Amino acid sequence: MNYDVAVVGAGVVGSLIARELSRYNIKVALLEKCNDMAMGTSKANSAIVHAGFDAKPGTLKAKLNVEGTALMPELCKTLSVPFKPVGSLVVAFSDEEMETVKELLERGVANGVPGLEIYDQAKLREVEPAISDEAKGALWAPSAGIVCPYELTIAAAENAVVNGTEFIRNFAVEAIDYDGNEFTIKSADSSIKAKTVINAAGVYCDEIAALIGDNSIHTVPRKGEYMLCDKSIGGLAKHTIFQCPSKMGKGILVTPTVDGNLLIGPSALDIEDKDDVSTTAGTLAQVLETAKKSVPVLTTREVITSFAGLRAHCDRDDFIIEKSEKNDKFINVAGIESPGLSSAPAIALYVKDIVLGIIDGEEKADFNPVREEPVRFRHMSNEERKALIAKNPAYGRIICRCETITEGEILDAIHAPAGARDVDGVKRRTRAGMGRCQGGFCGSKVVELLARELGVEINQITKFGGDSKILYERTK
Amino acid sequence: MTKNITCVTCPMGCGITVELNDNNEVISVSGNTCKRGELYAKNEVTHPQRSLATTVKVDGGVHNVVPCKSAGPLPKEKIFDCMAEINKACAKAPVKLGDVLVENVCGTGINIVATNHCPEA
Amino acid sequence: MLNYDIVVIGGGPAGMAAALKAKECGVDSILILERAETLGGILEQCIHTGFGLQYFGEELSGPEYADRFIQQVFRQKIEYKTDTMALQVTEDNKVYAVNKTDGLLEIQAKAVILAMGCRERPRGALNIAGTRASGVMSAGTAQKYVNIDGYMPGKKVVILGSGDIGLIMARRMTLEGAKVECVCELMPYSSGLTRNIVQCLDDFNIPLYLSTTVIDIKGKDRVTGVTIASVDENRRPIPGTERDIECDTLLLSVGLIPENELTKNVGISLDRVTSGAIVDEYRETDHKGVFACGNVLHVHDLVDFVTQESQIAGEGAAKYVLGQKAEAEYITTKGVGAVRYIVPQKVNIKNEGDVKLFFRVGSSFKNATVKVSYNGQEIISRKRPRLAPGEMENVLIKNDMLKSFSKDGVIEITVEA
């Protein structure tokens, strides 16, 4: 197949770029090596929309963070993605750290961050009752928020597909040839052609760039481990609570999530293996210890799961968003570590402008920016539920008890544009299996539904594509 | 020769020692705290028996398999042979609880019976 | 809006026994709500035998045990709805439920019996490090795949947790051709029944490693192995004892948690130890007219006890509906020392019958004495040849003794070695 643009990587950045380009009469392919979008950094991160005071003034990070954060509420509304403007606090535990907090305020002002304020101890306690007695004060950033990062990615990709983008899953790019006119992009078993390539491959950005001989990018996967706590203590943190940043990042945070859980993390460790998202007992224990410095009442008792994600850290210490020096029709979007999620909406616009400088694009009259909100049975009133089930009885069958997810919602997830093909895909789209029992009861039901809807035997269904099959052959 | 076994007749779980002669006949039983334990121990060292619960394949049922059990205890050493024979069997839906699914499994004289219903799909 | 005297939430052994008893006590308007496609609850997948020795005096499989109650529910013409999920119990004992055919159901009940059972503790609760590869599941999930769906969830298996479900699944997987490498148990003892250790592990030469846990899970797509390690007396892994075991599946059998979401949402007080509601001798919670029984109240070792307890709750609910429940003057019960908890947590001394107090101990004893005291005075002393954490114990408080107590008194149970 021939495309105008091939976007490599369906993370939040790649998916939002594809959506932005789908406004134009440009033929876009969104290539993803996994069985679903949001399978890398975009599914396992802090889910924070940062205010934008961290990055050095004048950097792309600073510019795109503030711009992206400003775009985020409206974008989330248009794409029906949960976003909560909870605001953030950077807490200081010493006079020295109070100085750091003041520097952050100055930097924030220089970056154009709105509403920054220093809170003293009394004010901090008032707005964040569970905060440690040791906390001296904090930087309050009202423009910060929390978002569901994988839902944003899925919604963006879905909306791109609705507007004409082709989502090609299980397409691991192995070779890219250029004949002077267009690129041939090859996976192990197929290939496509495109006039322009956008390298949004996250931690694999360096390897994708190297396929055209561009060795200028050096990505180091920086692993962050997290713990997710039960909704029963979701209200413990009212805002995103940071500690003072270090050179490895923004440190351990304690934050509510848009789904009402409490998230603790991340650690920061540079590693070599770009697929290593394993957790380690020692690190998790350390994460909890450090988090307790902010919120002392935390315990492991309420932890329902832990996970790790990789940040695509680059040695250049800023986002790299530019045409490759080897080929000016190949655009690198590399080193998108924190605040990458916050910046993603602005990155998409920035990249769109670069693309429109390479190929002509005209805005489509029929572009539909809206992704309708999926049915969320758990959020409905009983009257709405009655009407819904009357229309489609599948919404009357609860599959996931912990999160109250219906069969209808799971069918919607499977049949959505670029819908779910595996158990984790259903989970990310519907929350089935994300509750306290972590899929103990509903896991096998979801497998059955996937098999039925995809027309395969249940032992063909995977957890997340590849060889992650759940069942072997029949017992007899 | 002596054999040490754990009695499974009740939750007590007594450790029992059984003394055998060269003809594999029981000479003495010790360590048990009741008569049932003595009987269990004698059986266990001479001809141990186990009941078997598994499933049988079903054709045209709401499920692929229906649970079943041996109607009485089977010789322990024949358990895997019995599994093999049971795995070859295939019942036709509907299956009713109590239906004999395999007769005289492995020549033991024991039937394999359904322990649940499996209606037609 | 539908109206019933009693709505029973859950059609497993607890719900069915409670409904049947309530019917026997003279209440005709009863509705059972069951979320699965059939009545029977978790027993439907527990195809091994060993159920019913206490209650029926014979050794039945799970489905057979359940079927005896299902047939009675049919015969007694007790109404039930399967594939129906209760969503909410309200302040005034209204139950909201949902299914495909009726849609959203609004049911006004005079009394509600909570019999939702329990769920297995998931991996996250243990915080086992490692990858998120496919092939890690609870023993109960594997049991469903093998026994109901007829598919193998793994071929080379490590099991963490030596509770009865773990032991039963070790045998079951082995019989179906899998290789069970070992069963690891964090504690220095197994919480499973001895007979299960003998018949499920020893018979098949499956090693049981006590004071051992899984500290790492390997494999990117599918599990390729786990690392196990011995633990010290504080249950912390001992460095240097790590051992890698190749496997494609890790089954978790690490405890059961009563499923009390509905209970919590209506504001019923829970016992921190049992994770179930605080109840009186009829298993009535502190929400008037709401009763709880079976594994949603506290995790039982034998279904036979679930049946007995649920009959008590069924009788209590019937008495409540019929206006026969005695006015309450409560004393409380309290486990001391090795006695982890007691159910019921409070007893009405105006009650006309004897009351059995059920309890569990936190460690094993041989030839110990169970002592019951009232306001510090010893009132009962019973020798027990054996007490184990995995097994539920009980003592009977005779009614004449109960009558001698006065309001707000405290009964304590303790164990002396």
Strands (runs of 3 or more DSSP E) contained entirely in region A:299-397, each with at least 3 residues that are within 26 Å of A:Lys193 (Cβ to Cβ): A:320-323, A:330-334
Among residues of region A:109-129, those that are within 15 Å of A:Thr240 (Cβ to Cβ), crowded, with 19+ Cβ neighbours inside 10 Å and of a type outside the set (Asp, Glu), counted: 4
Region C:13-59 - residue that is among the acidic types (Asp, Glu) and in a loop (DSSP other than H, G, I, E, B) and, of those, farthest from the other protein chains (Cβ to nearest Cβ): C:Asp28
Filter pass, B:Val58 being assigned by TED's automatic domain parsing to the domain that holds B:Leu101 and part of a strand (DSSP E or B): yes
Some residue of region C:53-60 being buried (at least 23 other Cβ atoms within 10 Å of the Cβ) and either at pLDDT 95 or above or over 20 Å from the mean Cα position of the chain (by Cα) (or both): no
Candidates B:Ile16, B:Ile86, filtered to the one that is within 14 Å of another protein chain (Cβ to nearest Cβ), touching a residue at least 12 places away in the same chain (Cβ under 8 Å), more than 20 Å from A:Thr475 (Cβ to Cβ) and β-branched (Val, Ile, Thr): B:Ile16
Listing of strands (runs of 3 or more DSSP E) fully contained in region B:79-120 that carry 1 or more residues being among the small types (Gly, Ala, Ser) and within 17 Å of the chain's Cα centre (by Cα): B:112-114
Residue satisfying all of: in region A:429-476; among the charged types (D, E, K, R) and buried (at least 24 other Cβ atoms within 10 Å of the Cβ); nearest to the other protein chains (Cβ to nearest Cβ) among these: A:Lys463
Flag for A:Ala416 being under 27 Å from A:Ile26 (Cβ atoms), without any contact (Cβ under 8 Å) to a residue 12 or more places away in the chain and out of contact with any strand residue (DSSP E or B) (no Cβ under 9 Å at 6 or more places or on another chain): no
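Quick check on region C:243-273: of everything there that is assigned to a strand (DSSP E or B) and among the aliphatic types (A, V, I, L, M), which residue is farthest from A:Thr404 (Cα to Cα)?
Residues of region C:243-273 that are assigned to a strand (DSSP E or B), as a first pass: C:243-246, C:249-252, C:256-258, C:270.
In the following step, the residues that additionally are among the aliphatic types (A, V, I, L, M) were identified as C:245, C:250-252, C:256-257, C:270.
On the way: C:Ile245: 37, C:Leu250: 27, C:Leu251: 26, C:Leu252: 24, C:Leu256: 20, C:Ile257: 18, C:Leu270: 22 Å.
The qualifying residue farthest from A:Thr404 (Cα to Cα) is C:Ile245.
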All positions within region B:36-63 that are under 14 Å from the mean Cα position of the chain (by Cα), within 14 Å of chain A (Cβ to nearest Cβ) and surrounded by fewer than 20 Cβ atoms within 10 Å (Cβ to Cβ): none
Qualifying positions in region A:62-86 - among the polar types (S, T, N, Q) and surrounded by fewer than 19 Cβ atoms within 10 Å (Cβ to Cβ): A:Thr78, A:Ser80
Residues of region A:176-206 classified as acidic (Asp, Glu) and out of contact with any strand residue (DSSP E or B) (no Cβ under 8 Å at 6 or more places or on another chain), total: 2
Selected residue (criterion: nearest to C:Arg35 (Cα to Cα)) from residues of region A:379-412 that are of a type in the set (A, V, I, L, M) and surrounded by fewer than 24 Cβ atoms within 10 Å (Cβ to Cβ): A:Ala394
Hits in region C:61-101 - residues which are out of contact with any Lys or Arg (no Cβ under 8 Å at 6 or more places or on another chain), among the hydroxyl-bearing types (Ser, Thr, Tyr) and surrounded by 19 or more Cβ atoms within 10 Å (Cβ to Cβ): C:Tyr65, C:Tyr80
Odd one out for A:Leu284 among (1) modelled with pLDDT of 90 or more; (2) surrounded by fewer than 22 Cβ atoms within 10 Å (Cβ to Cβ): (2)
Search result, residues across region B:20-35 that are surrounded by fewer than 14 Cβ atoms within 10 Å (Cβ to Cβ), of a type outside the set (A, V, I, L, M, F, W, C) and more than 13 Å from chain C (Cβ to nearest Cβ): B:Asn21, B:Asp22, B:Asn23, B:Asn24, B:Glu25, B:Ser28, B:Ser30, B:Lys35
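If only one of C:Val306, C:Val372 is part of a strand (DSSP E or B) and either buried (at least 19 other Cβ atoms within 10 Å of the Cβ) or out of contact with any strand residue (DSSP E or B) (no Cβ under 9 Å at 6 or more places or on another chain) (or both), which one is it? Reasoning before the result, please.
Details: C:Val306 fails: part of a strand (DSSP E or B).
Going through C:Val306, C:Val372 in turn, the sole match is C:Val372.
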Subset of region A:408-437 [closer than 19 Å to A:Ile470 by Cβ, assigned to a helix (DSSP H, G or I) and charged (D, E, K, R)]: A:Asp424, A:Lys427, A:Arg428, A:Arg429
Scope region C:245-266; condition within 14 Å of chain A (Cβ to nearest Cβ) and more than 21 Å from the chain's Cα centre (by Cα); matching residues: C:Cys247, C:Asp248, C:Thr249, C:Leu250
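The values are calculated or read from the model by the stated rules, or taken from the named source; none is laboratory data. As the structure is a computational prediction, the values presented were derived from the model and not from experiment. A quick note on method: Cβ atoms are made from the backbone with ideal geometry, for glycine too, and the neighbour counts reach across all protein chains shown.
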